[in-house]
Structures are given as C-alpha cells and as structure tokens.
Amino acid sequence: MGLLAVKLTVTPLLMALVTYVNRRFGSFAGGVAAGLPLTSGPISIYLAAEQGLCFAGEAAHGSLVGVGAVLASYLAYLQASRRWSVPLSCLAGLSGFILWAFAAGRIGAETVLVLLDLVLTGLMLVLTRDAPAGTRAARLPPWDLPARIAVSTGLVVLVTLGAPLLGPAVSGLLAPVPVIAWPLIVFVHAQNGRPEAVATIRGTVSGAVGLCAFNLAVIRLAPTTGMAVTYTVALSTSLAVSLVLVGLIARRKT
C-alpha cells in the first residue's frame, strides 16, 4: 500500500513540473523536461522494488527497444505533419512506434540497440535543426493537466502491477511510452502551429540519449549492485548526459 501511495503521488507531481516548465520557459524547454525519464525512471525503480533487480535489468533492455520506438514515432509524426492533419499525423506516429517495436524487439544485443537509438536521435536532431527556439508556451486547455496526470499515473500503475503477467520485455517496452510528451506535442501543434511542435519534438528527442544512458546503467549495474547505487548512478548519468546534449544544442542555436 505504501508503494502504491508513492506511485499515486510522485507521477502527478512530475506531470505538474513538466507543465510548469512548458508554460514558463516555452516549447523547447517543455520538450526537454518531457524527454527526461519521468515515467520510465520511476517504473524501473518500482519494478526493482516489487519484482527484483534482475527483472528490472531485463526490463531495461526492453526499454532500449522502447526508446527507439518512441523516436521512430516522432520521426513518423514529423514527416506526416508536413502534409497531413494532426489526427492523421498521430496515427502515423503510432504506426511508427509499433513497427519499430516489432522489428527491434528481435535484437538481443543492447549495444546494437543503443547505436540504433543514437542514429535515430542524430537523424531527428538534423531534421529539426531549423526549429524555432520554442519560446512560446502552449495554450493548453484546463483539462490537459488532469488528463495527463490520469493517463501517466495509470500507465505507471498498470505496468508495475501487471509486470508479473507482462514479463520484463513488455514491461520495459512500455516504460518509455511518452505519455507526457505525446499530448504536449499534439496540443502545441494544434494550438501554436507546426513550427512550435517541431521545437517541442526537438527538445524531447534531446532526452533520448539520457534515456539510453539510464537503461544501459541499469542493465550493467542491476544484476550485481544494490538498488540505491544502481539508480543513483543511472539517474545521475541520465541527467548529466541530457544536460550536456541540451547545452550543445543551445550553443549551436546561438
């Protein structure tokens, strides 16, 4: 019951933080915040606490597949949004996620998965290099934050409670599903236009390298290291890598 209370408390607070960052600092910053391991990180910790560190390590491998699938969904959305409406672009993004998850799920070596994720990240950063600074905050409807809190909290609870049935591979695959970023991108696109949506995507994509670092650290440390050390190193590495990449991107814009 105690851990369930933590799940129901921490996730809404993280959603509120992303909303504040987006409204206060703009689309790019909101995308960066949404790209951090705000759902996959807590899910991994909960899996380790409830199912054991070995389970969490195997799930982290599935999360590397999930990171690539998320990037593929952004790529499909980005290309579709050049000509299609927002709903059709969403459908294209979902198709990209499913196709990548199916194909990359057959890859066993995490080094190959990380390399593929990095290639996708680089491609996305190149394709969004002309995005605006993203200083406009999305004009989100009043029900946006409660809806995202409900969906993201539901995902966390569903994946962690269903982990024994889903298994580590599927649990890990679902962990990085961007329940924060996807609604944010769609609302920005619908209300502020495609350029601001591209800025949000660019900010979100910049967090993918940090996600890879997080999952790779969990894979390497979880089987032999305690929970506190594993996640302290994983979260610290993820944050440091994300901040360095965001700094490099910001410098190239100036």
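The values are calculated or read from the model by the stated rules, or taken from the named source; none is laboratory data. Treat the numbers as computed from the prediction; the structure is a model and nothing was measured. Glycine also receives a Cβ, built like all others from the backbone with ideal geometry; neighbour counts cover every protein chain displayed. For the accessible areas, the whole protein counts, side chains as well, though only heavy atoms, and no ligand, DNA or RNA atoms are used. Shrake-Rupley method; radii C 1.70, N 1.55, O 1.52, S 1.80 Å.
Does Leu115 satisfy the condition of being farther than 22 Å from Val218 by Cβ, aliphatic (A, V, I, L, M) and surrounded by fewer than 16 Cβ atoms within 10 Å (Cβ to Cβ)? Here the answer is no, as Leu115 does not meet what is asked. Among the residues of this structure, Ala234 counts as one that is at pLDDT 80 or above, part of a helix (DSSP H, G or I), surrounded by 17 or more Cβ atoms within 10 Å (Cβ to Cβ) and small (Gly, Ala, Ser).
For (1) closer than 18 Å to Ser73 by Cα; (2) small (Gly, Ala, Ser), each residue gets a yes or a no:
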{"site": "Leu165", "(1), (2)": "no, no"}
{"site": "Ala169", "(1), (2)": "no, yes"}
{"site": "Val177", "(1), (2)": "yes, no"}
{"site": "His189", "(1), (2)": "yes, no"}
{"site": "Asn215", "(1), (2)": "no, no"}
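Of all the criteria given as (1) open to solvent by 10 Å² or more (accessible area, probe 1.4 Å); (2) under 16 Å from Ala56 (Cα atoms); (3) over 15 Å from the mean Cα position of the chain (by Cα), the one not satisfied by Arg194 is (2).
In the set (1) β-branched (Val, Ile, Thr); (2) more than 10 Å from the chain's Cα centre (by Cα); (3) at pLDDT 80 or above; (4) open to solvent by less than 20 Å² (accessible area, probe 1.4 Å), the condition left unmet by Val188 is number (3). The helices (runs of 4 or more DSSP H) located wholly in the stretch 161-209 that include 2 or more residues which are free of Cβ contacts under 8 Å to residues at least 12 places away in the same chain occupy 163-174.
Quick check: is even one residue across the stretch 64-78 over 20 Å from Ala208 (Cβ atoms) and assigned to a helix (DSSP H, G or I)?
Taking the stretch 64-78 first, the residues over 20 Å from Ala208 (Cβ atoms) are none.
No, the stretch 64-78 contains no residue that is over 20 Å from Ala208 (Cβ atoms) and assigned to a helix (DSSP H, G or I).
Suppose the filter is surrounded by fewer than 21 Cβ atoms within 10 Å (Cβ to Cβ), modelled with pLDDT under 90, assigned to a helix (DSSP H, G or I) and among the hydrophobic types (A, V, I, L, M, F, W, C); does Leu155 pass it? When the stated conditions are applied, Leu155 passes them.
Restricting Ser40, Ser73, Ser85, Ser63 to residues that are at negative phi, at pLDDT below 90 and under 14 Å from the mean Cα position of the chain (by Cα) narrows the list to Ser40.
Condition check ((1) assigned to a helix (DSSP H, G or I); (2) in contact (Cβ under 8 Å) with a residue 40 or more places away in the chain) across all residues:
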| site | (1), (2) |
| --- | --- |
| Arg83 | no, no |
| Ala103 | yes, no |
| Val112 | yes, no |
| Val119 | yes, no |
| Met124 | yes, yes |
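Within the stretch 67-94, the residues that satisfy the criterion of being touching a helix residue (DSSP H, G or I) at 6+ places or on another chain (Cβ under 6 Å) and of a type in the set (Gly, Ala, Ser) are Gly68, Ala69, Ala72, Ser73, Ala76, Ala80, Ser81, Ser89, Ala92, Gly93.
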